[in-house]
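Below is one structure, written out as structure tokens; comments come after it.
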Amino acid sequence: MMHFIDRRLNPKGKSLPNRQRFMRRAQSQIRKAVKEAVNGGKITDIGHNGRITIPSKGLHEPRFKYDYTKGKHDRVLPGNKEFSAGDQIKRPPKGGEGKGGKKASEDGDGEDSFQFSLSREEFLEVFFEDLELPDLVKTSLKEEVEFEKQRAGFVRVGSPSNLDLKRTMRHSLARRIAMRRPGSDEVDELRSEILALEAKGKKTKKLKELQEKLELLESRRRFVPYIDPLDVRYKSYTKIPKPNTRAVMFCLMDVSGSMSEGMKDLAKRFFMLLHLFLSTQYERVELVFIRHTHMAKEVDEETFFYSRETGGTIVSSALEEMQKVLDDRFPLGDWNIYAAQASDGDNFASDREKCLSIMQESILPACQYFSYIEVMDEQELEIFKDEQNMTDLWRIYSQLTPEFSNFAMRRVVKSNDIFPVFQDLFSKEHAKDT
Amino acid sequence: MGQARKVQKPLYDGAEWSFEKLDAVYDAIEEIANEDLGLNVYPNQIEVITSEQMLDAYSGIGMPLMYNHWSFGKSFVQDEFYYRKGMRGLAYEIVINSSPCISYVMEENTMTMQALVVAHAAFGHNHFFKNNHLFRQWTDAEAILDYMHFAREYINKCEERHGVEAVEELLDAAHALRDNAVNHYSRPVPLSKEMALQRLADRREHERADYRDIWSTLPPEAEGSADDKIKSHSQVANMVKFDLPEANLLYFFEKHSPVLEEWQREILRIVRNIAQYFYPQKQTKVMNEGCACFCHYFIMNRLYDKGLITEGSMLEFIDYHTRVVAQPEFDDPRWNGINPYALGFAMMQDIYRICHEPTDEDKEWFPDIAGCNKGIEVLKDAWENYRDESFILQFLSPKLIRDFRLFQIHDNSALPHLKVEAIHDGRGYRKVRSALAKSYTVSEMTLDIQVADVEFEGDRAITLRHMVHDDVPIDGKQAEQVMQRIAQLWGYDVGLYCEDAMSGKILATYDVTTS
């Protein structure tokens, strides 16, 4: 006798140890590929598109193999069309179609790189590796959960207000056709015919036939109802927790000459984290990039991170620009507004008052959260270590902290700092205060 | 086929499968397999798994109890990637040459697919595994699952004791020599988990019992002079002592490497045994799939003739079947070599045809079997006694060569043009046939590499020799990497020289010097 064994409930993921071993083996390559994906990719892509390509170097499993590009050998192929014995054929180009085109990479050995997918968690783990990420997703802003009704198919029972007329009628029509229910025009026609005959006043045989037929039709109409309980369908809804509508995230950055590439990279990482974080909280997160020197401009992501600009540094110009964008496109009631500003702290001395007033009067009241990140290199950190010696912007913004709990500022020197700073800014306790 | 159609009630209807239906279909298939085909199979064990478990099973080269290694993870992530992106489907089944014969079927399959898979794997492949002479000589179906279990446990234990990295490094090196780890001429000793454990225990016991502290106080020279046998420096003595030349490289390192520890030798042995286990499969791809396809085709048709499956299921089956046995032509974008399913199935069907409805040509080419009316007997004999190479050489008929429009190309890299050597015509049949058969020989799959010499007295260098046939050289880049791994196994200098088999000229050398 034979056994069928149901193994479907056995644990899956038997390959997990192997997968982990592979990941460990390919660690350095994966780390590099992820970094490249981060540096080259867009902020919005991070963590969504886990597909990465890594070079197969070091992952190659060598064997003793023939090199068939040399020497003499015979091959038998199917599908001869025009060749006859003794023909000379031009050697097809390598890798091209035709004779054994795929031979070279038959078992993947010919490939130089290969693609695979990282799960979102794996990707984040690698991405935040040198940032020592504990668990980003668990850190969440305290917020009220709202429910949203979502369509979930059709049901046979429900409240009349949820009746789906179209579907009900479709069922009814199908049933009526199938059961051959006489249509009203058919009955009307018969009736008028009878009336016409009756008007003539003669009780002919035909009249009687027609009357019998009419009776039959009508009884059939009674027998097969126009709408049967069978036909009725109601719309069904389920409640799903609703992410708190939508948010817009402003990225402000000083791009004047004093910002080095390293500083920009730090800023970029911070922006990315913030975006990732907001994405877990909100259904839709818009990004606005504003860069400034002595004048500010809204730009696309590419320009924001990669193009260079020279000029002085007037921070208020960026704030003004942000204010303008807010007024134009993001009405206060509809959007959660977040902003992150990165700068090396330089500002024209004359700009102080203006900055302060814009922040106090319009921006901070509108924002859910505004974080200021001051990026600097180690030397600068030495200089600006103590409270007496502060950068211009730091000095101005310090005045805001007591008044606005939705404003925070931190200094970042190394990429390792970013995550702790980020966590510090967005920890649960902090959110409670806001 | 041929029999009068006794109409019975279909066993199932629709696509959904259930265990009751599977049971009924299995019994019906078993009846046909026993009565019409007379198959001789191991007891069957059919396991239903999910697609994710199928992906898992894939990565362990189809073995359910494979030990852990990153290379299996590599194939797993890749299979998974292609599968998730919809670029590649999954196999409908995996079957393991063991007793009981385990077939995995996927839960996503329709009922018709399950029937097909049972006929294909649980009867077709199973019969082949049990009866083909290569499998009977080289593999031990009773013991393989036990042995795999032992191997997995053993390697796990080694990882605990010696560290994952050390084991991984060793496995990397061993895997590089997997193709050169088969005893081509002597049959392997039957595997057994108990025996393997017993051998290890004996060895430990021997070491313990033989331990004499006093030996450790002896000066090192005394050891050499005490042993008369290794005094001789001549190569001849070495040849005799180490039984050179030796083509089973992994075996040689396991037995004679001066640097490996006991557990490392045991792991080499495991890799070698598994390679040996797969050796018959490599040589019988066409026949094995041909046998399974013939069986499922025959059985499904019989089921239909008996009225046990509906017309709809039959159509569904034919759809799958034709896709499996399709052979794209050489200039087709889908061309990826000769499809063993297509060639195997066509040859089996052709043999059956020759036995029952021979043409004059068949009578001339196959006087022994043409018109004998014992198609199934002839096929079963072939399944038992041939491998791909000899099977093609014996049974590929002119009709099939015409049907496939096979032609032979001679590729000499020294010449600018390829030459069409033979096509499907009277003068070409035999040439095409032997050329095709040759492409399935063992020497096409593994290179002729042997341990040629060992210098145990001096620098302990080892020399490997590759015999180059038809000027086809070794892939140099890969050879360099493999030699690195060999150096790791041997611990001292290693060298490989490639010698032309005809002229004896040395064409290339690959050396790794350890210092």
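Some points to look at:
- When residues in region A:145-172 are screened for being surrounded by 12 or more Cβ atoms within 10 Å (Cβ to Cβ), outside any strand (DSSP E or B) and not hydroxyl-bearing (S, T, Y), 7 of them pass.
- Considering region B:121-139, and only residues there that are surrounded by 22 or more Cβ atoms within 10 Å (Cβ to Cβ) and in contact with an Asp or Glu (Cβ under 7 Å, 6 or more places away or on another chain), the residue that is nearest to the other protein chains (Cβ to nearest Cβ) turns out to be B:A121.
- Just one of the listed residues (A:E212, A:E193) is of a type outside the set (S, T, N, Q) and exposed (fewer than 11 other Cβ atoms within 10 Å of the Cβ), namely A:E212.
- Of the residues making up region B:45-70, just one is of a type in the set (S, T, N, Q) and either more than 8 Å from chain A (Cβ to nearest Cβ) or within 20 Å of B:E384 (Cβ to Cβ) (or both), namely B:S51.
- Meets criteria (over 26 Å from B:S397 (Cα atoms), crowded, with 22+ Cβ neighbours inside 10 Å, of a type in the set (A, V, I, L, M, F, W, C) and under 31 Å from the mean Cα position of the chain (by Cα)) for B:F317: yes
- Candidates A:M390, A:M409 - the one that is at pLDDT below 80, surrounded by 14 or more Cβ atoms within 10 Å (Cβ to Cβ), under 22 Å from A:I314 (Cα atoms) and of a type in the set (A, V, I, L, M, F, W, C): A:M390
- Strands (runs of 3 or more DSSP E) lying entirely in region B:376-485 (those with 1 or more residues that are surrounded by fewer than 22 Cβ atoms within 10 Å (Cβ to Cβ) and more than 9 Å from chain A (Cβ to nearest Cβ)): B:449-454, B:462-468
- Test: residue in region A:311-326 that is of a type in the set (D, E, K, R) and either over 20 Å from A:C355 (Cα atoms) or touching a helix residue (DSSP H, G or I) at 6+ places or on another chain (Cβ under 6 Å) (or both): no
- Region B:140-168, residues that are away from every other protein chain (no Cβ under 14 Å), under 23 Å from the mean Cα position of the chain (by Cα), buried (at least 19 other Cβ atoms within 10 Å of the Cβ) and part of a helix (DSSP H, G or I): B:I144, B:Y147, B:F150, B:A151
The values are calculated or read from the model by the stated rules, or taken from the named source; none is laboratory data. Everything numeric in this text was worked out from a predicted model, so none of it was measured. Methodologically, a virtual Cβ is constructed for each residue, glycine included, from the backbone with ideal geometry; neighbour enumeration extends over all protein chains shown.
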